[in-house]
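Colleague: Handing you this structure, nothing more for now.
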Amino acid sequence: MVHIVKLDTEGHLLYEGLLSSQEIATIDEILNALKDEIPQIEADLEEAYGKSVLYKYNLGKFLGELLTKYDISVSERRKFWDEIKTFATKENRIRNEGTNAETRSFYGQCYKLSQYDQEIVEKLSWRQWQDILDRVGNREDERIFEWIRNKSEKIREDDWREFEKGLHLYLKNKDTSVFTNKELFEIYESILEMAKFWRISFGQFSKDFPNSAKIKSRARRSKKFQTECFRIKKELRKQLDESIFLQAFESAMK
């Protein structure tokens, strides 16, 4: 698909580039096909899977077929996803997807999701997948998906959000290729334990001091807690553990 279409500010269809009548006819044919196919496949998948992560996974499989069918290049994918959102779907998705990055697009994320094993996909919720797909650096080392596969229990969404933030903070300027699988998985586990400690400790603090103004600054204190954990870890040259978590929490809540 060499040419892309979009809407102008008044809602009129615009064709990018100088096109022949045959090229315009081909683009119109593709758009009409999308308008028929996308709503139907979305309805069928919702009936089969609800709004679960498997809905998005199987939608991504279908989108992959469209990329091949219409010969969409890697550089054109984001615009193609935007075409589907603008002209084909009946779903109203209000999440800010940005304007350029494919990883922020709903359809781009569904397609990316479909590239992983279903066994791994089912270990996380869609919201958790959005977190990891948004943060490219956190999934740069593909071994994180093997760690996810090996988790015996699903990770709580609130723990996952803190884990994602902590991992992003930890990975700054680090080359994870120097770690063995065992070492890397231990790092993931320790950051997840850090997330759990924060959730439990902040929850207890909120019960003990329900009128404290500190409760309203949770996000800022969470970041301070994580920063302190990594600072103390580096200073002591030891792995993250409960003694570090406790010291960092006390510092973050001052």
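The values are calculated or read from the model by the stated rules, or taken from the named source; none is laboratory data. The structure presented is a predicted model; accordingly, all values stated were derived computationally and were not measured. Positions of Cβ are backbone-derived with ideal geometry, glycine not excepted, and every protein chain shown enters the neighbour counts.
Colleague: May I ask you to say which residue of R104, R135, R127 is under 26 Å from E42 (Cβ atoms), surrounded by fewer than 18 Cβ atoms within 10 Å (Cβ to Cβ) and within 16 Å of the chain's Cα centre (by Cα)?
Modeller: Exactly one of R104, R135, R127 is under 26 Å from E42 (Cβ atoms), surrounded by fewer than 18 Cβ atoms within 10 Å (Cβ to Cβ) and within 16 Å of the chain's Cα centre (by Cα), namely R127.
Colleague: Could you tell me which of the residues G137, G166 is in contact with a Leu (Cβ under 9 Å, 6 or more places away or on another chain), closer than 24 Å to R221 by Cα and modelled with pLDDT under 95?
Modeller: Among G137, G166, only G137 is in contact with a Leu (Cβ under 9 Å, 6 or more places away or on another chain), closer than 24 Å to R221 by Cα and modelled with pLDDT under 95.
Colleague: Now for a separate question. At least 1 residues that are at pLDDT 80 or above and of a type in the set (S, T, Y) in each: list the helices (runs of 4 or more DSSP H) lying fully within the stretch 9-106 that qualify.
Modeller: In the stretch 9-106, the matching helices (runs of 4 or more DSSP H) lie at 21-49, 53-69.
Colleague: Does at least one position in the stretch 56-65 carry a residue that is under 27 Å from I144 (Cα atoms), touching a helix residue (DSSP H, G or I) at 6+ places or on another chain (Cβ under 6 Å) and among the charged types (D, E, K, R)?
Modeller: Within the stretch 56-65, one or more residues are under 27 Å from I144 (Cα atoms), touching a helix residue (DSSP H, G or I) at 6+ places or on another chain (Cβ under 6 Å) and among the charged types (D, E, K, R).
Colleague: Ok, one more. Please list, ordered by first then second residue, the pairs with beta carbon atoms under 8 Å, 6 or more apart or interchain, first in the stretch 178-200 and modelled with pLDDT of 95 or more, second among the small types (G, A, S) and surrounded by 14 or more Cβ atoms within 10 Å (Cβ to Cβ).
Modeller: Pairs that qualify, where the first residue is modelled with pLDDT of 95 or more and the partner is among the small types (G, A, S) and surrounded by 14 or more Cβ atoms within 10 Å (Cβ to Cβ), are I191/G166; M194/G166; A195/G166; W198/S222.
Colleague: Still on this structure, I have one more. For the stretch 184-198, check the following and say yes or no: at least one residue is of a type outside the set (S, T, N, Q) and in contact with a Cys (Cβ under 7 Å, 6 or more places away or on another chain).
Modeller: Yes.
Colleague: Of the conditions (1) without any contact (Cβ under 8 Å) to a residue 40 or more places away in the chain; (2) in a helix (DSSP H, G or I); (3) closer than 19 Å to E142 by Cβ; (4) not aliphatic (A, V, I, L, M), Y170 satisfies every one except a single condition; which number is it?
Modeller: (1)
Colleague: I'd like the full set of residues that are of a type outside the set (G, A, S) and surrounded by fewer than 17 Cβ atoms within 10 Å (Cβ to Cβ), limited to the stretch 68-84.
Modeller: The answer is T68, K69, Y70, D71, V74.
Colleague: Which one of these does E153 not meet: (1) surrounded by 13 or more Cβ atoms within 10 Å (Cβ to Cβ); (2) under 27 Å from K112 (Cα atoms); (3) of a type in the set (D, E)?
Modeller: Only one criterion is unmet by E153, namely (1).
Colleague: Within the set of pairs 6 or more residues apart or between chains, which connect a residue that is within 17 Å of Y170 (Cα to Cα) inside the stretch 212-233 to a residue that is of a type in the set (V, I, T) and surrounded by 15 or more Cβ atoms within 10 Å (Cβ to Cβ) with Cβ atoms less than 7 Å apart?
Modeller: Every condition considered, the pairs that remain are C229/I244; I232/I244; K233/I244.
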